[in-house]
Every structure is written in structure tokens, then in C-alpha cells.
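Taking it in order: structure first as C-alpha cells, then the write-up.
The values are calculated or read from the model by the stated rules, or taken from the named source; none is laboratory data. Small disclaimer: the values here were computed from a predicted structure and weren't measured. Because the Cβ atoms are built from the backbone with ideal geometry, glycine has one as well, and the counts that use them run over all protein chains shown.
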Amino acid sequence: MNKLIDKYTQSILETEYNAYRNYYITRFNTKKNTGLPIRLPNPPEDVTENIAKFIIINHDNDPSCKWAKSIQLSGDLYSDKYTIEMPPEVKAFTSDGPSSFGPKKKFGVLYFLDMRNWLNNRFILWKVIVSSDSVEWHNIKMNKTETNEEQCKQKRRPHISWDNIYSQLPDKSIKVYDGTFEDIFIQQPTSLVAVQ
């Protein structure tokens with residue numbers, strides 16, 4: 001069990017999230033009003049990983065969850081439920097585009113933070129109960145002809161969208177949270193209910 005204190009608090013997340021949101025909206029409005037080809041910024045990893053962390057603590061009954069970088073570990077999150085070598089992995093997405101995975105990336109469970117409707121203050125966190133070593137993850141189709149394992153053996157970085165993962169692994173996917181940014185900090189009863 002890791003005894004280090006995670007200094008990335010609710011207050012820090014609120015500050016960083018609001019700073020990102022304001023910056024994004026400013027750039028979005030400039031782009032919209034001028035027609036300039038301004039690229040909109042992706043959410044910072046510390047924001048997305050800590051949103052997931054607070055949801056996992058308060059809605060997935062895992063008070064041991066910490067932001068790995070805050071406690072001097074590599075990876076996204078730390079949890080007593082998984083080994084340091086196979087930690088929880090977080091993928092956040094704001095569009096229907098694919099997430100990518102390192103061919104040698106190890107994880108004990110996957111969390112997908114759906115931020116496609118984040119500007120309307122709606123966040124969904126999915127827990128996919130597979131590990132990087134599981135048969136299900138090795139055999140998931142990354143495209144029409146190749147599995148994840150085949151692409152990893154070619155030392156390629158597999159890309160796949162959340163919708164394609166869910167369509168192949170619906171029985172391994174649990175909706176942990178569907179709500180507002182503010183409610184991620186409110187602790188829920190300990191029972192985890194699958195919501196389809």
C-alpha cells in the first residue's frame with residue numbers, strides 16, 4: 001500500500017478544470033467569431049486523470065485511488081486493488097475519435113472518461129474490466145482485420161474508439177458515473193450498479 005499523500009486535492013482540480021474550461025471557451029469563441037483555423041486544446045492529463053480519480057473514490061468505492069504522478073509513480077492512477085506494475089489506466093475523450101495505446105503499456109483495468117458533452121457539464125466514466133494481459137484485450141479488433149495483439153507484435157500503437165471497444169466488450173463494461181463535474185466529489189453508497 002502506498003503511504004504517500006496525493007496532494008492533487010479537490011480544490012486544485014476545481015481551479016485547474018475551471019482554468020482549462022475558460023481557456024477552451026475563449027479559444028472556441030474566437031474561432032467561431034472570426035473563422036480562423038484555431039486549434040482547440042485537449043484537456044490536460046492532470047485534469048482528466050483527477051476527474052477519473054475522484055469519480056473512482058466516490059462512485060466506484062475505491063478510497064485508495066491516487067493520482068500516480070502526485071505520489072511519484074509512473075502511469076495514470078494508483079490503487080490498492082491493482083499492482084504497481086498493472087495500475088488503472090485512464091483514457092479521456094472529447095470526440096468520437098480513437099484513443100491510442102502503447103504496444104507495451106501494462107494496466108490492470110481501463111477507465112474511459114467520456115467528455116463528449118463536457119461543455120454541458122456532463123461526464124460519464126466507464127470501467128472496462130480487462131487487463132493488458134487478458135485474452136479479451138489481446139483479441140479486441142483494432143480494425144476490420146487486425147487484433148490489438150497483432151498490432152502490438154508489429155510494434156505499432158493501436159488506436160480504437162470508445163464506441164468500438166464497447167461494442168466488442170459490453171459484458172466487461174460498467175458505467176460507473178453519469179453526472180456533473182460538481183457531483184464527482186459527492187460520495188455515493190458503496191454498491192456498484194451496472195447501468196447500460
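At a glance:
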read-out	value
Some residue of segment 144-157 being at negative phi, assigned to a loop (DSSP other than H, G, I, E, B) and crowded, with 16+ Cβ neighbours inside 10 Å	no
Candidate set: segment 46-94, residues that are part of a helix (DSSP H, G or I) and among the small types (Gly, Ala, Ser); chosen: the one surrounded by the fewest Cβ atoms within 10 Å (Cβ to Cβ)	SER70
Single condition ASN2 does not satisfy, out of (1) at pLDDT below 95; (2) touching a helix residue (DSSP H, G or I) at 6+ places or on another chain (Cβ under 6 Å); (3) surrounded by 18 or more Cβ atoms within 10 Å (Cβ to Cβ)	(3)
Residue list for segment 4-45, filter: in a loop (DSSP other than H, G, I, E, B), within 20 Å of ASN117 (Cα to Cα) and hydroxyl-bearing (Ser, Thr, Tyr)	none
Filter result for GLU136 (modelled with pLDDT of 95 or more, of a type in the set (Asp, Glu), in a helix (DSSP H, G or I) and out of contact with any His (no Cβ under 7 Å at 6 or more places or on another chain))	yes
Test: VAL176 is surrounded by 15 or more Cβ atoms within 10 Å (Cβ to Cβ), touching a Lys or Arg at 6+ places or on another chain (Cβ under 8 Å), in contact (Cβ under 8 Å) with a residue 12 or more places away in the chain and over 13 Å from HIS59 (Cβ atoms)	no
Of all residues making up segment 63-86, the number that are under 19 Å from PRO189 (Cβ atoms) and either touching a Leu at 6+ places or on another chain (Cβ under 9 Å) or modelled with pLDDT under 95 (or both)	1
